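Before any comments, here is the structure.
The values are calculated or read from the model by the stated rules, or taken from the named source; none is laboratory data. Small disclaimer: the values here were computed from a predicted structure and weren't measured. Here Cβ is always computed from backbone atoms with ideal geometry, including for glycine, and neighbour counts include all displayed protein chains.
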Amino acid sequence: MPHHADGRIFHGPLDGKIKADTVRRILIRDVLTPLTPCFSSESGEVGFADGRLHSFRHYFCSNCANRKVAERVLMN
């Protein structure tokens with residue numbers, strides 16, 4: 001991955017800081033909405049369409065824990 005002087009990996013337009021709300025809206029528009037039909041859930045149930053960025057972080061950390069990845073490795 002490219003290294004930038006500001007320490008960030010991802011940048012917004014004109015190499016600026018990415019706004020959290022922009023990332024959330026793009027996640028919903030470009031990922032969750034088109035893929036929701038592939039991951040159906042019962043009516044009234046929380047499902048794929050309700051996912052947010054933190055949902056993916058939680059999923060990743062849960063999978064690491066289930067696979068016995070050391071906590072220190074995960075934190076780094």
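Please count how many residues of segment 53-76 are touching a Leu at 6+ places or on another chain (Cβ under 8 Å), under 22 Å from Ala20 (Cβ atoms) and either at pLDDT 90 or above or of a type in the set (Phe, Trp, Tyr) (or both).
Qualifying residue count for the region: 1.
Within segment 1-25, take every residue that is closer than 16 Å to Ser55 by Cβ and surrounded by 12 or more Cβ atoms within 10 Å (Cβ to Cβ) and give me the one that is modelled with the lowest pLDDT.
It comes out as Val23.
Scan segment 34-75 for residues that are of a type in the set (D, E, K, R), farther than 27 Å from Arg8 by Cα and surrounded by 10 or more Cβ atoms within 10 Å (Cβ to Cβ) and report the count.
So the answer is 1.
Across segment 51-76, what is the number of residues that are among the β-branched types (Val, Ile, Thr) and assigned to a helix (DSSP H, G or I)?
1
Quick one: is Val31 part of a loop (DSSP other than H, G, I, E, B), surrounded by 10 or more Cβ atoms within 10 Å (Cβ to Cβ) and either touching a residue at least 12 places away in the same chain (Cβ under 8 Å) or β-branched (Val, Ile, Thr) (or both)?
When the stated conditions are applied, Val31 does not pass them.
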